[in-house]
Amino acid sequence: MSEEQFKNVISHAKEYGFVFPSSEIYDGLAAVYDYGQNGVELKKNIRDYWWKSMVQLHENIVGLDASIFMAPQVWKASGHIDGFSDPMIDNKDSKKRYRADVLVEEYQEKYRVKNQKEIEKASKRFGADFDEAQFVATNPNIVRNKEKIAEIDSKLKAGLESGDLHKVKELIEELGIVCPVSGSKNWTEVRQFNLMYSTQMSATDGESQIYLRPETAQGIFVNYLNVQKSGRMKLPFGIAQTGKAFRNEIVARQFIMRMKEFEQMEMQFFVKPGTEMEWYAYWKEHRLKWHTNLGTDTVKYRYHDHVKLAHYANAAVDIEYDFPFGFKEVEGIHSRTDFDLKQHEKFAGKKLQYYDNEKNESFVPYVVETSIGLDRMFLVLMCNALQEEQLEDGQTRILLKLPPALAPYQCAILPLVKKDGLPELARKIMGDLSLDFNCYYEEKDSIGKRYRRQDAIGTPFCITIDHDSVTNQSVTIRYRDTMEQKRVKIGELEAIITQEVSMKKLLKGLV
Ligand code: GAP
(Lines give C-alpha, C1' and ligand atoms only; values in the text may rest on other atoms or scores of the structure.)
Protein backbone atom coordinates (compact mmCIF):
# COMPACT_ATOMS: atom_id res chain seq x y z
CA MET A 1 0.00 0.00 0.00
CA SER A 2 1.33 3.41 -0.96
CA GLU A 3 1.19 6.78 0.79
CA GLU A 4 -1.57 7.65 -1.68
CA GLN A 5 -3.65 4.70 -0.51
CA PHE A 6 -3.05 5.73 3.10
CA LYS A 7 -4.56 9.12 2.27
CA ASN A 8 -7.55 7.20 0.91
CA VAL A 9 -7.88 5.37 4.24
CA ILE A 10 -7.96 8.69 6.10
CA SER A 11 -10.52 10.27 3.80
CA HIS A 12 -12.64 7.10 3.71
CA ALA A 13 -12.63 7.01 7.52
CA LYS A 14 -13.99 10.54 7.58
CA GLU A 15 -16.45 10.28 4.71
CA TYR A 16 -18.08 7.13 6.08
CA GLY A 17 -18.32 8.11 9.73
CA PHE A 18 -15.40 6.14 11.19
CA VAL A 19 -12.94 8.81 12.39
CA PHE A 20 -13.19 12.61 12.53
CA PRO A 21 -10.54 15.14 13.56
CA SER A 22 -11.33 16.35 17.08
CA SER A 23 -13.09 19.74 17.37
CA GLU A 24 -13.01 20.01 13.61
CA ILE A 25 -15.15 23.15 13.45
CA TYR A 26 -12.32 24.86 15.35
CA ASP A 27 -9.78 23.52 12.82
CA GLY A 28 -9.04 20.39 14.86
CA LEU A 29 -6.63 19.56 17.66
CA ALA A 30 -3.32 18.01 16.66
CA ALA A 31 -3.11 14.24 17.12
CA VAL A 32 -6.55 13.97 18.75
CA TYR A 33 -9.43 12.22 16.96
CA ASP A 34 -13.09 11.32 17.50
CA TYR A 35 -14.77 8.09 16.45
CA GLY A 36 -17.98 8.47 14.47
CA GLN A 37 -21.07 6.28 14.27
CA ASN A 38 -19.33 3.45 12.39
CA GLY A 39 -15.95 3.85 14.02
CA VAL A 40 -17.35 3.45 17.49
CA GLU A 41 -18.94 0.12 16.51
CA LEU A 42 -15.77 -1.21 14.91
CA LYS A 43 -13.75 -0.11 17.92
CA LYS A 44 -16.19 -1.76 20.32
CA ASN A 45 -16.03 -5.01 18.34
CA ILE A 46 -12.20 -5.05 18.35
CA ARG A 47 -12.30 -4.44 22.11
CA ASP A 48 -14.82 -7.26 22.54
CA TYR A 49 -12.69 -9.65 20.48
CA TRP A 50 -9.69 -8.83 22.66
CA TRP A 51 -11.65 -9.04 25.93
CA LYS A 52 -13.28 -12.34 25.09
CA SER A 53 -10.03 -13.85 23.86
CA MET A 54 -8.32 -12.84 27.09
CA VAL A 55 -10.94 -13.08 29.84
CA GLN A 56 -13.57 -15.45 28.48
CA LEU A 57 -11.12 -17.94 26.95
CA HIS A 58 -8.69 -17.97 29.88
CA GLU A 59 -10.22 -19.08 33.15
CA ASN A 60 -7.24 -17.61 35.02
CA ILE A 61 -7.58 -14.09 33.58
CA VAL A 62 -10.00 -11.58 35.10
CA GLY A 63 -10.84 -7.98 34.24
CA LEU A 64 -10.34 -4.63 35.93
CA ASP A 65 -11.40 -1.03 35.36
CA ALA A 66 -9.03 1.24 37.27
CA SER A 67 -9.30 5.04 37.29
CA ILE A 68 -7.38 7.30 34.97
CA PHE A 69 -6.33 9.46 37.93
CA MET A 70 -3.97 7.74 40.34
CA ALA A 71 -1.94 8.78 43.37
CA PRO A 72 1.03 10.75 42.00
CA GLN A 73 3.50 8.48 43.85
CA VAL A 74 2.47 5.70 41.44
CA TRP A 75 4.33 7.46 38.64
CA LYS A 76 7.36 8.12 40.80
CA ALA A 77 7.50 4.41 41.65
CA SER A 78 6.95 3.28 38.07
CA GLY A 79 9.77 5.50 36.84
CA HIS A 80 7.52 7.61 34.62
CA ILE A 81 8.23 10.92 36.38
CA ASP A 82 11.98 10.55 36.05
CA GLY A 83 12.32 8.44 32.95
CA PHE A 84 9.24 8.52 30.68
CA SER A 85 10.71 10.73 28.05
CA ASP A 86 11.65 10.58 24.41
CA PRO A 87 14.91 11.80 22.88
CA MET A 88 13.78 14.67 20.69
CA ILE A 89 15.60 16.70 18.08
CA ASP A 90 14.43 19.88 16.34
CA ASN A 91 15.17 20.98 12.83
CA LYS A 92 16.13 24.65 13.05
CA ASP A 93 14.80 25.47 9.57
CA SER A 94 11.38 23.79 9.59
CA LYS A 95 10.98 24.18 13.42
CA LYS A 96 9.65 20.60 13.37
CA ARG A 97 10.46 18.29 16.26
CA TYR A 98 11.21 14.58 15.77
CA ARG A 99 12.02 11.57 17.89
CA ALA A 100 15.73 11.14 17.30
CA ASP A 101 15.63 7.34 17.60
CA VAL A 102 12.74 7.13 15.12
CA LEU A 103 14.66 9.19 12.56
CA VAL A 104 17.51 6.70 12.85
CA GLU A 105 15.19 3.66 12.72
CA GLU A 106 13.49 5.01 9.59
CA TYR A 107 16.89 5.40 8.01
CA GLN A 108 17.68 1.74 8.84
CA GLU A 109 14.36 0.64 7.39
CA LYS A 110 15.62 1.67 3.93
CA TYR A 111 18.31 -1.03 4.18
CA ARG A 112 15.70 -3.60 5.25
CA VAL A 113 13.51 -2.69 2.28
CA LYS A 114 16.55 -3.02 -0.05
CA ASN A 115 17.25 -6.50 1.33
CA GLN A 116 13.65 -7.55 0.94
CA LYS A 117 13.72 -6.46 -2.70
CA GLU A 118 16.92 -8.46 -3.31
CA ILE A 119 15.25 -11.52 -1.80
CA GLU A 120 12.11 -11.09 -3.92
CA LYS A 121 14.17 -10.66 -7.09
CA ALA A 122 16.27 -13.75 -6.37
CA SER A 123 13.21 -15.76 -5.43
CA LYS A 124 11.68 -14.98 -8.84
CA ARG A 125 14.95 -15.80 -10.61
CA PHE A 126 15.59 -19.16 -8.92
CA GLY A 127 11.95 -20.28 -8.54
CA ALA A 128 11.38 -23.51 -6.63
CA ASP A 129 15.15 -24.02 -6.10
CA PHE A 130 15.51 -20.82 -4.10
CA ASP A 131 17.11 -21.31 -0.69
CA GLU A 132 16.31 -18.05 1.12
CA ALA A 133 18.38 -18.76 4.25
CA GLN A 134 21.49 -19.48 2.19
CA PHE A 135 20.90 -16.46 -0.04
CA VAL A 136 20.52 -14.14 2.97
CA ALA A 137 23.69 -15.55 4.53
CA THR A 138 25.86 -15.24 1.43
CA ASN A 139 24.63 -12.47 -0.87
CA PRO A 140 27.23 -9.66 -0.52
CA ASN A 141 24.68 -6.81 -0.80
CA ILE A 142 22.44 -8.31 1.86
CA VAL A 143 25.34 -9.08 4.17
CA ARG A 144 26.67 -5.51 3.79
CA ASN A 145 23.25 -3.99 4.47
CA LYS A 146 22.76 -6.17 7.53
CA GLU A 147 26.15 -5.14 8.85
CA LYS A 148 25.23 -1.50 8.31
CA ILE A 149 21.95 -1.98 10.23
CA ALA A 150 23.80 -3.68 13.10
CA GLU A 151 26.44 -0.95 13.22
CA ILE A 152 23.76 1.76 13.42
CA ASP A 153 21.93 -0.24 16.12
CA SER A 154 25.00 -0.43 18.26
CA LYS A 155 25.79 3.29 17.91
CA LEU A 156 22.19 4.25 18.71
CA LYS A 157 22.15 1.90 21.69
CA ALA A 158 25.45 3.32 22.97
CA GLY A 159 24.10 6.89 22.86
CA LEU A 160 20.71 6.09 24.41
CA GLU A 161 21.96 3.76 27.12
CA SER A 162 24.81 5.96 28.25
CA GLY A 163 22.54 9.02 28.27
CA ASP A 164 25.11 10.78 26.08
CA LEU A 165 22.57 12.21 23.64
CA HIS A 166 25.23 14.17 21.78
CA LYS A 167 26.29 10.79 20.35
CA VAL A 168 22.79 10.35 18.92
CA LYS A 169 23.01 13.76 17.26
CA GLU A 170 26.41 12.80 15.83
CA LEU A 171 24.90 9.59 14.46
CA ILE A 172 22.10 11.54 12.74
CA GLU A 173 24.69 13.85 11.20
CA GLU A 174 26.96 10.97 10.22
CA LEU A 175 24.08 9.23 8.41
CA GLY A 176 23.20 12.47 6.65
CA ILE A 177 19.57 12.32 7.77
CA VAL A 178 17.61 15.33 6.53
CA CYS A 179 14.41 16.89 7.87
CA PRO A 180 11.50 15.52 5.80
CA VAL A 181 9.93 19.01 5.74
CA SER A 182 12.84 21.42 5.14
CA GLY A 183 15.25 18.92 3.62
CA SER A 184 18.05 20.44 5.74
CA LYS A 185 20.55 18.90 8.17
CA ASN A 186 20.41 21.91 10.49
CA TRP A 187 19.67 20.00 13.75
CA THR A 188 19.60 21.07 17.41
CA GLU A 189 21.09 18.90 20.16
CA VAL A 190 18.99 15.86 21.21
CA ARG A 191 17.07 16.46 24.47
CA GLN A 192 14.76 14.33 26.64
CA PHE A 193 11.08 15.43 26.93
CA ASN A 194 8.70 13.92 29.51
CA LEU A 195 5.52 12.62 27.91
CA MET A 196 3.12 12.80 30.85
CA TYR A 197 0.31 15.35 31.09
CA SER A 198 -0.37 16.77 34.52
CA THR A 199 -3.27 18.59 36.11
CA GLN A 200 -4.46 19.67 39.59
CA MET A 201 -6.53 17.35 41.76
CA SER A 202 -8.15 20.13 43.74
CA ALA A 203 -9.17 23.62 42.67
CA THR A 204 -7.94 25.15 45.93
CA ASP A 205 -4.69 23.30 46.54
CA GLY A 206 -2.02 24.30 44.04
CA GLU A 207 0.32 21.59 45.34
CA SER A 208 -1.75 18.57 44.45
CA GLN A 209 -0.37 17.85 41.00
CA ILE A 210 -1.60 14.62 39.47
CA TYR A 211 -1.06 12.96 36.10
CA LEU A 212 -3.20 11.57 33.33
CA ARG A 213 -2.07 7.95 33.15
CA PRO A 214 0.35 7.29 30.30
CA GLU A 215 -0.42 3.53 30.42
CA THR A 216 -3.19 1.46 31.97
CA ALA A 217 -0.73 -1.11 33.34
CA GLN A 218 -0.02 0.68 36.62
CA GLY A 219 -3.73 0.47 37.56
CA ILE A 220 -3.30 -3.30 37.36
CA PHE A 221 -0.11 -3.40 39.43
CA VAL A 222 -1.53 -1.34 42.30
CA ASN A 223 -4.66 -3.53 42.37
CA TYR A 224 -2.95 -6.87 41.91
CA LEU A 225 -3.21 -7.96 45.55
CA ASN A 226 -6.84 -6.73 45.84
CA VAL A 227 -7.78 -8.89 42.87
CA GLN A 228 -5.65 -11.85 43.95
CA LYS A 229 -7.11 -11.93 47.46
CA SER A 230 -10.75 -11.11 46.66
CA GLY A 231 -10.72 -13.51 43.69
CA ARG A 232 -8.63 -16.16 45.47
CA MET A 233 -6.43 -16.26 42.37
CA LYS A 234 -3.55 -18.73 42.14
CA LEU A 235 -0.39 -18.16 40.10
CA PRO A 236 -0.21 -18.02 37.19
CA PHE A 237 -3.08 -15.58 36.68
CA GLY A 238 -3.75 -12.48 34.63
CA ILE A 239 -5.57 -9.17 34.97
CA ALA A 240 -6.90 -7.54 31.79
CA GLN A 241 -7.92 -3.94 31.33
CA THR A 242 -8.91 -1.61 28.52
CA GLY A 243 -8.95 2.16 28.84
CA LYS A 244 -7.67 5.57 27.88
CA ALA A 245 -4.04 6.61 28.21
CA PHE A 246 -2.47 10.00 27.50
CA ARG A 247 0.94 10.96 26.18
CA ASN A 248 2.31 14.27 25.01
CA GLU A 249 3.62 12.76 21.81
CA ILE A 250 5.35 14.71 19.10
CA VAL A 251 3.64 13.42 16.02
CA ALA A 252 4.18 13.43 12.32
CA ARG A 253 0.94 13.22 10.33
CA GLN A 254 0.20 9.56 10.91
CA PHE A 255 -3.50 9.85 11.65
CA ILE A 256 -4.54 7.61 14.59
CA MET A 257 -1.18 5.81 14.67
CA ARG A 258 0.27 8.02 17.39
CA MET A 259 -2.18 10.11 19.37
CA LYS A 260 -2.07 12.19 22.49
CA GLU A 261 -5.20 10.47 23.85
CA PHE A 262 -5.61 6.81 22.94
CA GLU A 263 -6.92 3.52 24.23
CA GLN A 264 -4.87 0.57 25.39
CA MET A 265 -5.81 -3.07 25.94
CA GLU A 266 -3.32 -4.47 28.43
CA MET A 267 -2.96 -7.71 30.32
CA GLN A 268 -0.48 -8.39 33.09
CA PHE A 269 0.18 -12.07 33.65
CA PHE A 270 1.56 -12.83 37.13
CA VAL A 271 3.82 -15.87 37.29
CA LYS A 272 6.27 -17.65 39.57
CA PRO A 273 9.81 -16.25 39.21
CA GLY A 274 11.80 -18.51 36.92
CA THR A 275 8.78 -19.44 34.76
CA GLU A 276 8.52 -16.07 33.01
CA MET A 277 10.35 -17.09 29.82
CA GLU A 278 7.97 -20.00 29.28
CA TRP A 279 5.00 -17.61 29.61
CA TYR A 280 6.71 -14.97 27.51
CA ALA A 281 7.02 -17.54 24.69
CA TYR A 282 3.36 -18.54 25.18
CA TRP A 283 2.05 -14.97 24.98
CA LYS A 284 4.32 -14.06 22.09
CA GLU A 285 2.85 -16.86 20.02
CA HIS A 286 -0.72 -16.50 21.28
CA ARG A 287 -0.89 -12.79 20.58
CA LEU A 288 0.37 -13.12 17.00
CA LYS A 289 -2.26 -15.79 16.47
CA TRP A 290 -4.92 -13.32 17.70
CA HIS A 291 -3.87 -10.97 14.89
CA THR A 292 -3.55 -13.48 12.05
CA ASN A 293 -6.81 -15.16 13.12
CA LEU A 294 -8.53 -12.08 11.68
CA GLY A 295 -7.60 -13.31 8.22
CA THR A 296 -4.80 -10.79 7.59
CA ASP A 297 -2.08 -12.11 5.32
CA THR A 298 0.69 -13.41 7.63
CA VAL A 299 3.40 -11.62 5.59
CA LYS A 300 1.91 -8.35 6.85
CA TYR A 301 3.05 -9.18 10.38
CA ARG A 302 6.46 -9.71 11.91
CA TYR A 303 8.13 -9.84 15.32
CA HIS A 304 10.68 -7.20 16.19
CA ASP A 305 12.86 -8.09 19.16
CA HIS A 306 13.90 -5.05 21.19
CA VAL A 307 17.51 -4.00 20.73
CA LYS A 308 17.40 -1.80 23.78
CA LEU A 309 15.64 -3.52 26.70
CA ALA A 310 13.97 -1.23 29.21
CA HIS A 311 15.70 -1.44 32.59
CA TYR A 312 12.78 -3.45 34.04
CA ALA A 313 12.51 -6.02 31.22
CA ASN A 314 14.43 -9.25 30.63
CA ALA A 315 12.80 -9.85 27.24
CA ALA A 316 10.66 -7.72 24.94
CA VAL A 317 9.23 -8.04 21.47
CA ASP A 318 6.93 -5.96 19.30
CA ILE A 319 4.36 -7.37 16.93
CA GLU A 320 4.65 -5.14 13.88
CA TYR A 321 2.27 -4.62 10.98
CA ASP A 322 3.26 -3.52 7.50
CA PHE A 323 1.54 -0.10 7.43
CA PRO A 324 1.69 2.05 4.27
CA PHE A 325 4.61 3.84 5.94
CA GLY A 326 6.49 0.60 6.75
CA PHE A 327 6.49 -2.02 9.51
CA LYS A 328 5.50 -0.43 12.84
CA GLU A 329 4.59 -1.68 16.31
CA VAL A 330 0.98 -2.60 17.02
CA GLU A 331 1.55 -4.53 20.21
CA GLY A 332 4.32 -5.09 22.74
CA ILE A 333 4.98 -8.21 24.80
CA HIS A 334 7.31 -7.58 27.72
CA SER A 335 8.71 -9.77 30.43
CA ARG A 336 8.75 -7.08 33.15
CA THR A 337 10.29 -9.19 35.96
CA ASP A 338 9.18 -8.12 39.47
CA PHE A 339 10.27 -4.52 38.84
CA ASP A 340 6.89 -2.77 39.07
CA LEU A 341 5.58 -4.65 42.10
CA LYS A 342 8.89 -4.23 43.97
CA GLN A 343 8.92 -0.51 43.19
CA HIS A 344 5.36 -0.16 44.55
CA GLU A 345 6.37 -2.10 47.66
CA LYS A 346 9.22 0.33 48.16
CA PHE A 347 7.30 3.56 47.51
CA ALA A 348 4.03 2.57 49.24
CA GLY A 349 5.76 0.82 52.12
CA LYS A 350 3.34 -2.12 51.75
CA LYS A 351 4.09 -5.77 51.08
CA LEU A 352 2.83 -6.97 47.70
CA GLN A 353 3.86 -10.59 48.10
CA TYR A 354 1.97 -13.62 46.94
CA TYR A 355 1.57 -16.36 49.53
CA ASP A 356 1.98 -19.84 48.08
CA ASN A 357 0.13 -22.02 50.60
CA GLU A 358 1.32 -25.27 49.06
CA LYS A 359 4.98 -24.37 49.58
CA ASN A 360 4.29 -22.11 52.55
CA GLU A 361 6.38 -19.30 51.14
CA SER A 362 5.85 -15.69 50.07
CA PHE A 363 7.39 -13.90 47.11
CA VAL A 364 6.78 -11.09 44.64
CA PRO A 365 5.54 -12.57 41.34
CA TYR A 366 7.11 -11.86 37.96
CA VAL A 367 4.99 -10.30 35.24
CA VAL A 368 4.60 -10.89 31.52
CA GLU A 369 2.69 -8.07 29.87
CA THR A 370 0.80 -7.91 26.59
CA SER A 371 -0.07 -4.35 25.54
CA ILE A 372 -1.87 -3.35 22.37
CA GLY A 373 -3.18 0.01 21.22
CA LEU A 374 -6.86 -0.23 20.28
CA ASP A 375 -6.66 2.73 17.91
CA ARG A 376 -3.59 1.30 16.22
CA MET A 377 -5.39 -2.01 15.75
CA PHE A 378 -8.30 -0.07 14.28
CA LEU A 379 -5.86 1.46 11.79
CA VAL A 380 -4.45 -1.98 10.92
CA LEU A 381 -7.95 -3.19 10.08
CA MET A 382 -8.85 -0.12 8.05
CA CYS A 383 -5.59 -0.28 6.03
CA ASN A 384 -6.02 -3.99 5.48
CA ALA A 385 -9.69 -3.87 4.58
CA LEU A 386 -10.00 -0.92 2.21
CA GLN A 387 -9.92 -2.08 -1.40
CA GLU A 388 -10.96 -0.80 -4.78
CA GLU A 389 -12.29 -3.64 -6.87
CA GLN A 390 -12.57 -3.75 -10.63
CA LEU A 391 -15.92 -5.29 -11.60
CA GLU A 392 -16.70 -7.32 -14.72
CA ASP A 393 -18.93 -4.57 -16.13
CA GLY A 394 -15.97 -2.17 -16.09
CA GLN A 395 -17.16 -0.32 -12.98
CA THR A 396 -15.27 -0.16 -9.71
CA ARG A 397 -16.51 -0.63 -6.20
CA ILE A 398 -15.01 0.51 -2.89
CA LEU A 399 -15.04 -2.36 -0.46
CA LEU A 400 -14.19 -2.40 3.23
CA LYS A 401 -13.44 -6.07 3.69
CA LEU A 402 -13.49 -6.13 7.48
CA PRO A 403 -13.61 -9.44 9.36
CA PRO A 404 -17.41 -10.03 9.43
CA ALA A 405 -17.58 -10.34 13.23
CA LEU A 406 -15.98 -6.91 13.64
CA ALA A 407 -17.96 -4.97 11.02
CA PRO A 408 -19.99 -2.03 12.41
CA TYR A 409 -23.22 -3.54 11.05
CA GLN A 410 -23.77 -7.21 10.42
CA CYS A 411 -26.63 -6.71 7.96
CA ALA A 412 -28.57 -4.04 6.11
CA ILE A 413 -32.32 -4.30 5.59
CA LEU A 414 -33.34 -2.79 2.28
CA PRO A 415 -36.97 -2.67 1.07
CA LEU A 416 -36.88 -2.41 -2.72
CA VAL A 417 -39.51 0.35 -2.80
CA LYS A 418 -41.12 2.58 -0.19
CA LYS A 419 -44.68 1.26 -0.73
CA ASP A 420 -46.86 -1.84 -1.19
CA GLY A 421 -46.22 -3.10 2.34
CA LEU A 422 -42.47 -3.60 1.74
CA PRO A 423 -41.27 -1.15 4.43
CA GLU A 424 -43.65 -2.76 6.94
CA LEU A 425 -42.28 -6.25 6.28
CA ALA A 426 -38.72 -4.89 6.31
CA ARG A 427 -39.34 -3.26 9.70
CA LYS A 428 -40.69 -6.56 11.03
CA ILE A 429 -37.53 -8.41 9.84
CA MET A 430 -35.38 -5.63 11.30
CA GLY A 431 -37.18 -5.93 14.65
CA ASP A 432 -36.42 -9.66 14.84
CA LEU A 433 -32.80 -9.50 13.63
CA SER A 434 -31.95 -6.50 15.83
CA LEU A 435 -32.17 -8.77 18.87
CA ASP A 436 -29.01 -10.53 17.64
CA PHE A 437 -27.29 -8.15 15.24
CA ASN A 438 -26.60 -4.51 14.59
CA CYS A 439 -28.85 -3.87 11.57
CA TYR A 440 -28.88 -0.89 9.21
CA TYR A 441 -32.20 0.17 7.70
CA GLU A 442 -32.30 2.09 4.45
CA GLU A 443 -35.04 2.74 1.91
CA LYS A 444 -33.65 5.71 -0.03
CA ASP A 445 -31.94 5.52 -3.48
CA SER A 446 -31.57 2.69 -5.98
CA ILE A 447 -30.72 -0.74 -4.63
CA GLY A 448 -27.33 -0.62 -6.41
CA LYS A 449 -26.37 2.61 -4.63
CA ARG A 450 -27.49 1.18 -1.31
CA TYR A 451 -25.35 -1.95 -1.86
CA ARG A 452 -22.33 0.24 -2.61
CA ARG A 453 -22.81 2.24 0.59
CA GLN A 454 -22.91 -0.96 2.64
CA ASP A 455 -19.80 -2.31 0.86
CA ALA A 456 -18.00 0.89 1.84
CA ILE A 457 -18.74 0.46 5.54
CA GLY A 458 -18.06 -3.27 5.48
CA THR A 459 -21.55 -4.70 6.09
CA PRO A 460 -21.27 -8.45 5.37
CA PHE A 461 -24.93 -8.96 4.35
CA CYS A 462 -27.60 -6.97 2.52
CA ILE A 463 -31.17 -8.24 2.72
CA THR A 464 -33.52 -7.01 0.03
CA ILE A 465 -37.28 -7.19 0.51
CA ASP A 466 -39.27 -7.16 -2.73
CA HIS A 467 -42.89 -7.76 -3.77
CA ASP A 468 -42.51 -11.55 -3.72
CA SER A 469 -41.30 -11.31 -0.12
CA VAL A 470 -44.78 -10.21 0.96
CA THR A 471 -46.43 -13.21 -0.64
CA ASN A 472 -43.89 -16.00 -0.10
CA GLN A 473 -41.86 -14.83 2.91
CA SER A 474 -38.56 -15.04 1.04
CA VAL A 475 -35.89 -12.33 0.56
CA THR A 476 -32.67 -11.84 -1.38
CA ILE A 477 -29.51 -12.04 0.67
CA ARG A 478 -26.35 -10.57 -0.84
CA TYR A 479 -22.83 -11.50 0.29
CA ARG A 480 -20.48 -8.51 0.56
CA ASP A 481 -17.25 -10.13 -0.67
CA THR A 482 -18.55 -12.19 -3.58
CA MET A 483 -21.64 -10.08 -4.35
CA GLU A 484 -23.43 -13.43 -4.72
CA GLN A 485 -27.19 -13.18 -4.23
CA LYS A 486 -29.42 -15.95 -2.95
CA ARG A 487 -33.12 -16.31 -2.38
CA VAL A 488 -33.79 -17.52 1.16
CA LYS A 489 -36.71 -17.81 3.56
CA ILE A 490 -37.03 -15.03 6.13
CA GLY A 491 -36.92 -17.67 8.86
CA GLU A 492 -33.45 -18.78 7.67
CA LEU A 493 -31.82 -15.35 7.92
CA GLU A 494 -30.74 -15.53 11.54
CA ALA A 495 -28.88 -18.83 11.06
CA ILE A 496 -27.20 -17.72 7.81
CA ILE A 497 -25.95 -14.46 9.29
CA THR A 498 -24.85 -16.05 12.59
CA GLN A 499 -22.82 -18.63 10.69
CA GLU A 500 -20.67 -15.86 9.19
CA VAL A 501 -20.57 -13.04 11.70
CA SER A 502 -20.53 -14.67 15.11
CA MET A 503 -17.73 -13.87 17.51
CA LYS A 504 -17.86 -17.57 18.36
CA LYS A 505 -16.55 -18.43 14.90
CA LEU A 506 -13.68 -16.01 15.38
CA LEU A 507 -12.86 -17.22 18.88
CA LYS A 508 -12.86 -20.85 17.72
CA GLY A 509 -9.76 -20.01 15.67
CA LEU A 510 -7.91 -19.31 18.90
CA VAL A 511 -8.60 -22.52 20.80
N1 GAP B 1 2.37 -0.80 29.39
C2 GAP B 1 3.28 -0.90 28.32
C3 GAP B 1 3.11 0.15 27.32
O4 GAP B 1 2.36 1.10 27.50
P5 GAP B 1 3.91 0.89 24.95
O6 GAP B 1 4.73 0.16 23.93
O7 GAP B 1 4.35 2.26 25.34
O8 GAP B 1 3.86 -0.07 26.21
C9 GAP B 1 1.70 -0.21 24.13
O10 GAP B 1 2.42 0.96 24.44
C11 GAP B 1 0.88 -0.04 22.88
O12 GAP B 1 0.06 1.11 22.99
C13 GAP B 1 1.71 0.19 21.63
O14 GAP B 1 2.10 -1.03 21.05
C15 GAP B 1 0.75 0.94 20.73
O16 GAP B 1 -0.10 0.04 20.04
C17 GAP B 1 -0.08 1.71 21.71
N18 GAP B 1 0.35 3.12 21.79
C19 GAP B 1 1.39 3.61 22.49
N20 GAP B 1 1.46 4.93 22.34
C21 GAP B 1 0.44 5.29 21.52
C22 GAP B 1 -0.02 6.52 20.98
N23 GAP B 1 0.56 7.67 21.29
N24 GAP B 1 -1.10 6.51 20.17
C25 GAP B 1 -1.72 5.35 19.85
N26 GAP B 1 -1.34 4.17 20.34
C27 GAP B 1 -0.27 4.12 21.16
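The values are calculated or read from the model by the stated rules, or taken from the named source; none is laboratory data. For clarity, every value in this text was computed on a predicted model and none was experimentally measured. All Cβ positions, even for glycine, are placed from backbone atoms using ideal geometry, and neighbour counts span all protein chains on display. The protein model used for the area step is the full one, side chains on, heavy atoms only, and it has no ligands, DNA or RNA in it. Shrake-Rupley method; radii C 1.70, N 1.55, O 1.52, S 1.80 Å.
Here are some notes:
- Once the Cβ-Cβ distance of Glu500 and Phe130 is raised to the sixth power relative to R0 = 41 Å, the FRET efficiency obtained is 0.60.
- The value of relative contact order for the chain, using C-alpha pairs under 8 Å at least six residues apart, is 14 percent.
- Extension gain for His166-Asp65 works out to 32.2 nm (0.36 nm per residue, less the C-alpha to C-alpha distance).
- Given a 1.4 Å probe and the protein chains as shown, Thr471 ends up with an accessible area of around 120 Å².
- Based on Cα contacts under 8 Å between residues 6+ apart, segment 179-227 shows a relative contact order of 23 percent.
- Rounded Å value of the spacing that divides the Cα centres of segment 293-315 and segment 420-458: 41
- Rolling a 1.4 Å probe over the heavy atoms of the protein chains gives segment 85-194 an accessible area of 58 Å² per residue.
- Full-stretch length increase - Ser362, Glu106 - with 0.36 nm per residue and alpha-carbon distance subtracted: 87.6 nm
- Exceeding the 29 Å Cα-Cα cut-off - candidates Lys234/Lys346; Lys7/Lys110; Lys7/Lys117; Lys124/Lys155; Lys44/Lys401: Lys124/Lys155
- Largest to smallest accessible area among Val307, Val317 [probe 1.4 Å]: Val307, Val317
- Ranked by solvent-accessible area (1.4 Å probe, protein heavy atoms only, all chains present), the residues Met201, Met54 order from largest to smallest as Met201, Met54.
- Extension gain for Lys351 to Glu278 (0.36 nm times residue separation, less C-alpha to C-alpha distance): 23.6 nm.
- Long-range amide H partners of Ile61 with built H, under 5 Å: Gly238
- Among the GluC sites (Glu not before Pro) in segment 334-409, those placed in a DSSP loop whose Cβ has at most 15 other Cβ atoms within 10 Å are Glu358, Glu392.
- Surface share of carbon and sulfur [accessible, 1.4 angstrom probe, percent] for segment 85-194: 49
- Heavy-atom accessible area, probed at 1.4 angstrom with all protein chains present, ranks Val271, Val299 as Val299, Val271, highest first.
- Most simply put, segment 391-508 has about 55% antiparallel DSSP beta bridges, counting only bridges with both residues inside it.
- Contact order normalised by residue count of segment 85-194, Cα under 8 Å, 6+ apart, percent: 45
- The charge dipole of segment 359-511, taken about its Cα centre with unit charges on the Cβ of Lys, Arg, Asp and Glu (plus for the first two, minus for the last two), comes to roughly 120 debye.
- Heavy-atom accessible surface of Asp101, to the nearest 10 Å², is about 20 Å², with a 1.4 Å probe and all protein chains retained.
- Accessible surface of segment 402-455 [probe 1.4 Å, protein heavy atoms]: carbon and sulfur percent: 53
- Probe 1.4 Å - accessible area at Leu391, Å² to nearest ten: 30
- With R₀ fixed at 25 Å, the C-beta to C-beta distance from Glu15 to Leu195 puts the FRET efficiency at about 0.20.
- Rg(Cα)/(2.2 N^0.38 Å) for the chain, N = residue count: 1.11
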